[in-house]
Amino acid sequence: MILIIYAHPYPHHSHANKRLIQAAGELDQVEVRSLYDLYPDFTLNVAAEQQALSRASLVVWQHPMQWYNMPPLLKLWFDKVLSHGWAYGHGGNALRGKKALWAVTTGGDSHHFELGSFPDFAALAQPLEATALYCGMQWQPPFVLHGTFNCDPARLEAAAVRYQARLADYLTPVSDDATTLAGGAHG
Ligand SMILES: Cc1cc2nc3c(=O)[nH]c(=O)nc-3n(C[C@H](O)[C@H](O)[C@H](O)COP(=O)(O)O)c2cc1C
């Protein structure tokens, strides 16, 4: 099961993320939790969030980039839901082995990120990647849609197809044939 933790502060005003979420939702076995719809007053139901995570084999964190960062409710989600003794620390194994994917849209194109001492977009993934790895998760190559300020419908459609295909790959079971062939190839 794929769980998408979706954090758009104004989900009803979204263009890019709305289309991506729609494409993802067309797949079976995808659960979307829209944090700003669920928790408009920022009071998270930690138990419900943890139960949803327990059901997932792939956890996706999807959001628009805001000031080179995640929207505040998603940050609160990390602080509250990934608790000691559950996600990390003694007995904190709930997320171990699950895959983690960052899906982010940015208004600027890739040049927008060529600023400061770490002018590489990948640097912005570091806190999330480190968090995932700290909890024993398997970090996946991020899904990024740059340039949403100038995103024409055709480019958005292509991104939606790319996102859906990317997620569908995680739902495709590895066939016995493929396993046998791989095993055979390595002797
Ligand atoms: C408060 C705020 C801060 C933003 N900061 C950034 C930023 O740092 N870099 C960037 O490329 N885009 C930034 N944007 C643009 C959003 O990332 C962009 O509008 C969004 O990805 C479009 O997706 P949507 O159509 O789903 O809203 C910002 C937007 C807002 C509202």
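Computed over the range 2-185, relative contact order equals 24 percent, with contacts defined as Cα pairs under 8 Å that lie 6+ residues apart. How many percent of the accessible area of the chain is carbon or sulfur, using a 1.4 Å probe? The computed percentage sits at 56. Model label sites at A47 and Q138, defined 7 Å from Cα along the beta-carbon direction, differ in position by 3.2 nm. For the residues I4, I21, a 1.4 Å probe over the protein chains yields an accessible-area ranking, largest first, of I21, I4.
Looking at the range 45-105, the chymotrypsin sites (Phe, Trp or Tyr not before Pro) that sit in a DSSP loop and have at most 11 other Cβ atoms within 10 Å of their own Cβ are W67. Each residue of the range 55-64 was assigned a 3J(HN,Hα) from its phi angle through the Karplus curve 6.51 cos²θ - 1.76 cosθ + 1.60 (θ = phi - 60°); the sequence is 7, 8, 9, 10, 10, 10, 10, 10, 6, x Hz, with glycine and proline shown as x.
The 3J(HN,Hα) values that the Karplus relation (6.51, -1.76, 1.60; θ = phi - 60°) gives for the range 88-104 are, in residue order, 7, x, 4, x, x, 10, 4, 9, 4, x, 6, 8, 10, 10, 9, 10, 9 Hz. Gly and Pro appear as x.
Shape call for the range 1-144 from the C-alpha gyration tensor, a ≥ b ≥ c root eigenvalues: rounded (a/c under 1.5), prolate (a/b greater than b/c) or oblate? Mind showing how you got there, number by number?
Values: a/c = 1.57, a/b = 1.21, b/c = 1.30.
It is oblate, given that a/c is not under 1.5 and a/b is not larger than b/c.
On the basis of the beta-carbon distance and an R0 of 22 Å, N93 and E31 show a calculated FRET efficiency of 0.55.
The values are calculated or read from the model by the stated rules, or taken from the named source; none is laboratory data. Everything quoted here is computed from the prediction, not taken from an experiment. Because the Cβ atoms are built from the backbone with ideal geometry, glycine has one as well, and the counts that use them run over all protein chains shown. Side chains included, ligands, DNA and RNA excluded: accessible areas come from the protein's heavy atoms. Shrake-Rupley method; radii C 1.70, N 1.55, O 1.52, S 1.80 Å.
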